[in-house]
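Take this structure, written in structure tokens, and hold onto it; I'll ask about it next.
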Amino acid sequence: MIQATDLAKVYGAKTAVDGVTFTVQPGRVTGFLGPNGAGKSTTMRMIMGLDAPTRGSVTVNGAPYIRHRAPLREIGALLEARAVHPGRTAYSHLSSLAATHGIPAKRVDEVIEMTGLGAVAKKKVKGFSLGMGQRLGIAAALLGDPQVVVLDEPVNGLDPEGVVWVRNLVKYLASEGRTVFLSSHLMSEMAQTADHLIVIGRGRILADAPIADVIASQGKARTRVRTDRPEEFSRLLARSGVTIQTPEHEVLEVGGLDPRSIAQTALDHQVLVYELTPLQASLEEAYMQLTKDDVEYRSHDASRHDEPPTPTADGTPAGAASSPQAPNHTQEAAR
Amino acid sequence: MSTAVHSHRHSAAPQERLAGPNFLRVLNSERIKFLSLLSTRILLLCGVVLLVGFAALQAWGIGQVTRSVQNGGTAGPRAEALDTTSAILHLPAAGVSFAQLIVGALAVLMISSEFTTGMARATFAAVPTRWPVMAAKGVYTIVVGFVLTYVGAYIGGLVAQPILGNYNLHLDMGAWDVQRFMLLNAVYVAAVALMGLALGALLRNSAGAIVTLVALLFVLPIIFQLIPGDFFTEARKYLPTNAADAMFEAGSSGALNTAYLEPWQGTLILAAYVVVLLGAGFVTLRQRDV
């Protein structure tokens, strides 16, 4: 279990982490999601005792990291960027770490086997691909058979096969009752891997809930309706609390009404409807909604002033649409 | 199964049963790190080659001078004979001025490379108290500095013997003054290496730390010599290299050189440099974020 209490880190004038409080529970995969520069890596470095918090505290299995007599056996971490001397072989690297805890050579061979590094274990890390480097980092994290596993952007640079491997690995680790804390800025990856989500933006926690709840709380359920008389049908459906968008010709996206009452309206007024599809709010939408004010590096900050505070803008807020990455997500969400 | 693993490891005083880092384990870890880098081995080899090469060159040079004096050189034969004797005594350690740079750079890299490569994150996550890592590196620094210098000088002396023999000169490797000078130089190089390690921990930057070390050992003495005035003449005695020169006089069977401090003073000054820099290095390592 990882517990952070009012954890903060200030670098000069910049507040990287601004008093976060959260608990990462064992037995499930907890995703740590946030835009670049949101404070994910800084938080993880503070968990690992590498950076000292400016304020607050963080404990692993009940004690600060530095207090553990055998830290690698409590918590293993893959932190951002490589933590390896490129002139060493994967085997020497792992052996040197294992030696600090008296971990036998047998275990080093085991994690090499487990992470699929067998063929390159005796080669210098210098020549490793990004994916190989990630695997080596994961091997190092698992070396002490730790109860808590922290992985910062583990799928970075992995090929599709590697991505699936990481996904299955973290799920397996969680199923063994371990605490798994996984950071990513890839929402699609989180949607498939995490059970629980902690969303961070500009150093503050924006959401801390089961992944389904995060989606439910942020995205509104909508229904896609195809009809040959869109204008007339919109007028028929319109009433307070109902939002209607026309993403393309002859297509309506209706929020605030369930498919059954839409169908009833169509029947009552003899309007031909040839599609009626409930739309799941996606994690992307929920995430965009949560972080729209908290994206650290957007190309024009002025965009925030254009943002209309109207809550009727459904899953695709007009404000977010003016930030550069928003259009992609809007399209993805609509699919 | 899942809960079994969990409770099994965390119910019954897990910290008693699970081995964690202690100094011997960290020492072992640092040994693996030290020996698994090709660059380390190359630098060590360079150090020994340098010491042997300089000893051989020096032997040849002394031989040439001696021969030219014998063939009717200008200098008085008595004075030359005295110089040659002292030069032969110092011959095995002739390459130390250069070998110290190699060992110093190696010591800097031992710790600065941790930070430049990002290895420090793995290292200090494994040993979060941090000081055992630096202490272990310090142990290898001392061993390498001392052993490399002594062994290199010894081989250098052995190589020099036949060369000197050509000129009817003799070097007795077992002589007190030869052994004394070699051992004191080995101590000196170990001290320089410790300074390098401390600078590496302080600056975390390979180039910066090596340049600082060179400045301390080579540039400052020259600057102090160039600036006129009694203050700088006096202050120069307190620089590490000059303090070391004073230390080298310790136990000498000859007269002491008055240009230096007393041997014990020189030794203390040199030790003070090492202690202060190492102390600052330890504090920095403990306080600063990795």
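Please state, rounded to one decimal and in Å, the Kirkwood hydrodynamic radius that the protein assembly as shown gives when every pair of distinct Cα atoms enters the mean of 1/r.
Details: mean 1/r = 0.0342 Å⁻¹.
One over the average 1/r among Cα pairs gives 29.3 Å for the protein assembly as shown.
How large is the charge dipole for the protein assembly as shown, taken about the Cα centre, if only the Cβ atoms of Lys, Arg (+1) and Asp, Glu (-1) carry charge, to the nearest 20 debye? The partial results should precede the final answer.
Working: 52 positive and 50 negative charges, 296 e Å.
Dipole about the Cα centre, nearest 20: 1420 debye.
Rounded to whole Hz and in sequence order, give me ³J(HN,Hα) for the stretch B:128-143 from the Karplus expression 6.51 cos²θ - 1.76 cosθ + 1.60, θ = phi - 60°, writing x for Gly and Pro.
Each residue of the stretch B:128-143 in turn: x, 6, 6, 4, x, 5, 5, 4, 5, 4, x, 4, 5, 4, 5, 4 Hz.
What residues qualify as long-range amide H neighbours of A:A121, i.e. H under 5 Å apart, gap of 5 or more or another chain, H built at 1.01 Å from N?
HN-HN under 5 Å from A:A121: empty list.
7 Å from Cα along Cα→Cβ at both B:N205 and A:S129: what's the point-to-point distance in nm?
In this crude label model, B:N205 to A:S129 measures out at 3.6 nm.
While we're looking at this one, here's another question. Estimate the FRET efficiency between A:T23 and B:L35 by the formula 1/(1 + (r/R0)^6), using the beta-carbon distance for r and 41 Å for R0, to the nearest 0.05.
Values: r = 43 Å, r/R0 = 1.05.
So the FRET efficiency works out to roughly 0.45.
Considering only the protein assembly as shown, what is the antiparallel percent among its DSSP beta bridges, to the nearest 5? All intermediate terms of the calculation are to be shown ahead of the outcome.
On the way: 34 of 52 bridges.
Roughly 65 percent of the DSSP beta bridges within the protein assembly as shown come out antiparallel.
I've got another one for you. Tell me, what is the per residue accessible area of the stretch B:177-290 in Å², probe radius 1.4 Å?
47
Quick one: go through the stretch B:228-253 and flag any residue whose amide nitrogen is under 14 Å from the point 7 Å out along the Cα-to-Cβ line of B:D172.
Flagged as within label range: B:253.
Convert each backbone phi in the stretch B:100-117 into a coupling constant with the Karplus relation 6.51 cos²θ - 1.76 cosθ + 1.60 (shift: θ = phi - 60°), then list the ³J(HN,Hα) values in order as whole Hz, x for Gly and Pro.
5, 5, 5, 5, x, 5, 4, 5, 4, 5, 3, 9, 5, 5, 4, 7, 5, 8
Determine the share of the protein assembly as shown's accessible area contributed by carbon and sulfur atoms, expressed in whole percent, with a 1.4 angstrom probe.
Numbers: 16720 of 27890 Å².
Roughly 60 percent, rounded to a whole number.
Now for a separate question. Within a 10 angstrom radius of each residue's Cβ in A:60-67, how many Cβ atoms of other chains show up on average? Whole number is fine.
Details: counts 0, 3, 1, 1, 1, 2, 4, 3.
For peptide A:60-67, the averaged partner shielding equals 2.
Residues of the stretch A:74-100 with accessible area at least 40 Å² lower in the all-protein-chain context than alone (1.4 Å probe)?
Output list: A:E74, A:A83, A:H85, A:R88, A:S96, A:L97, A:A99, A:T100.
Could you tell me the largest-minus-smallest coordinate of the C-alpha atoms of the stretch A:121-199 on each of the three principal axes, in descending order and whole angstroms?
Projected onto the principal axes, the Cα atoms of the stretch A:121-199 cover 38, 28, 20 Å.
Could you pull out the pairs from A:K122/B:K33; A:K9/A:K40; A:K106/B:K137; A:K126/A:K171; A:K9/B:K33 whose alpha carbons sit more than 22 Å apart here? Mind dumping the intermediate values first?
Details: A:K122/B:K33 14 Å; A:K9/A:K40 11 Å; A:K106/B:K137 26 Å; A:K126/A:K171 30 Å; A:K9/B:K33 32 Å.
From A:K122/B:K33; A:K9/A:K40; A:K106/B:K137; A:K126/A:K171; A:K9/B:K33, over 22 Å: A:K106/B:K137; A:K126/A:K171; A:K9/B:K33.
Hey, got the average number of other protein chain Cβ atoms within 10 angstrom for residues in A:172-180? Kindly include the intermediate steps, with their values, before the conclusion.
Numbers: counts 0, 0, 1, 2, 6, 10, 4, 1, 0.
Shielding by partners across A:172-180 averages 3.
Using a cut-off of 12 Å between beta-carbons, work out the net charge of the residues near B:E249 (Lys and Arg +1, Asp and Glu -1, B:E249 not included).
On the way: positive: B:R180; negative: B:D177, B:D245, B:E262.
Overall, the nearby charge balance is -2.
Under Stokes-Einstein, with the Kirkwood radius over Cα pairs standing in for Rh, what whole-number D in µm²/s applies to chain B at 37 °C and 0.692 mPa s?
Details: Rh = 21.3 Å.
In µm²/s, the coefficient rounds to 154.
Which cross-chain or sequence-distant (5 or more) residues have an amide H under 5 Å from the amide H of A:A207, H modelled 1.01 Å from N in plane?
Sorted by chain and number, the residues that satisfy this are A:V199.
Is there a simple number for the mean count of other chain Cβ atoms within 10 Å of the Cβ of residues in B:18-26, and what is it?
Details: counts 11, 8, 11, 9, 4, 0, 2, 6, 4.
Per residue, the number of nearby Cβ atoms from other chains is 6 on average.
Same structure again: Run the simple label-point estimate for A:T246 and A:D145 please: 7 Å along Cα→C-beta, distance reported in nm.
Output for this residue pair reads 6.6 nm.
Kindly report, to the nearest 10 Å², the accessible surface of B:Y150 as traced by a 1.4 Å probe over protein heavy atoms only.
Surface open to solvent at B:Y150 totals about 50 Å².
Take B:V214, project a point 7 Å from its Cα along the Cβ direction, then tell me which residues of the stretch B:110-146 have their backbone nitrogen under 19 Å from it.
What the label zone holds, given the 19 Å backbone N cut-off, is B:110-113.
Tabulate in residue order the Karplus-calculated ³J(HN,Hα) for the stretch B:217-227, using 6.51 cos²θ - 1.76 cosθ + 1.60 with θ = phi - 60°, rounded to whole Hz; enter x for Gly and Pro.
Listing the rounded values in order: 8, 10, 7, 4, x, 5, 4, 5, 6, 6, 6 Hz.
Where a ≥ b ≥ c are the square roots of the eigenvalues of the C-alpha gyration tensor, would you call the stretch A:221-279 rounded, which needs a/c under 1.5, or, failing that, prolate if a/b is larger than b/c, or oblate?
On the way: a/c = 1.24, a/b = 1.08, b/c = 1.14.
Note, shape of the stretch A:221-279 comes out rounded.
Stick to Cα atoms and the Kirkwood definition of Rh, then tell me Rg/Rh for the stretch A:2-216. Intermediate values should be presented prior to the final figure.
Numbers: Rg = 16.6 Å, Rh = 17.4 Å.
Dividing the radius of gyration by the Kirkwood radius yields 0.96.
Just the number, please: percent antiparallel of the DSSP beta bridges in chain A, rounded to the nearest 5.
Working: 34 of 52 bridges.
Of those bridges, close to 65 percent are antiparallel.
With both partners inside the stretch A:84-212, how many of the DSSP beta bridges are antiparallel, as a percent to the nearest 5? Each step should come with its number before you reach the end.
Details: 7 of 12 bridges.
For the stretch A:84-212, the DSSP antiparallel bridge percentage is about 60.
Buried accessible area between B and A (1.4 Å probe, both chains summed, ligands and nucleic acids excluded), in Å² to the nearest 100? Write out the running numbers ahead of the final one.
On the way: alone 15310 and 15940 Å², together 27890 Å².
Result for this pair: about 3400 Å² buried.
For the pair A:S217/A:A105, report the inter-label distance in nm, with labels modelled 7 Å from Cα in the Cβ direction.
Once both label points are built, they end up 5.2 nm from each other.
Follow-up question, since we're still on this one. Are there GluC sites (Glu not before Pro) in the stretch A:188-295 that DSSP puts in a loop and that have at most 15 other Cβ atoms within 10 Å, and which ones?
Numbers: sites: A:E189, A:E231, A:E232, A:E248, A:E250, A:E253, A:E275, A:E284, A:E285; in loops: A:E248, A:E250.
Passing both the DSSP loop test and the Cβ count: A:E248, A:E250.
The values are calculated or read from the model by the stated rules, or taken from the named source; none is laboratory data. Since this is a predicted model, take the numbers as computed values, not measurements. Counting neighbours? That spans all protein chains shown, and the Cβs are built from the backbone with ideal geometry, glycine included. For the accessible areas, the whole protein counts, side chains as well, though only heavy atoms, and no ligand, DNA or RNA atoms are used. Shrake-Rupley method; radii C 1.70, N 1.55, O 1.52, S 1.80 Å.
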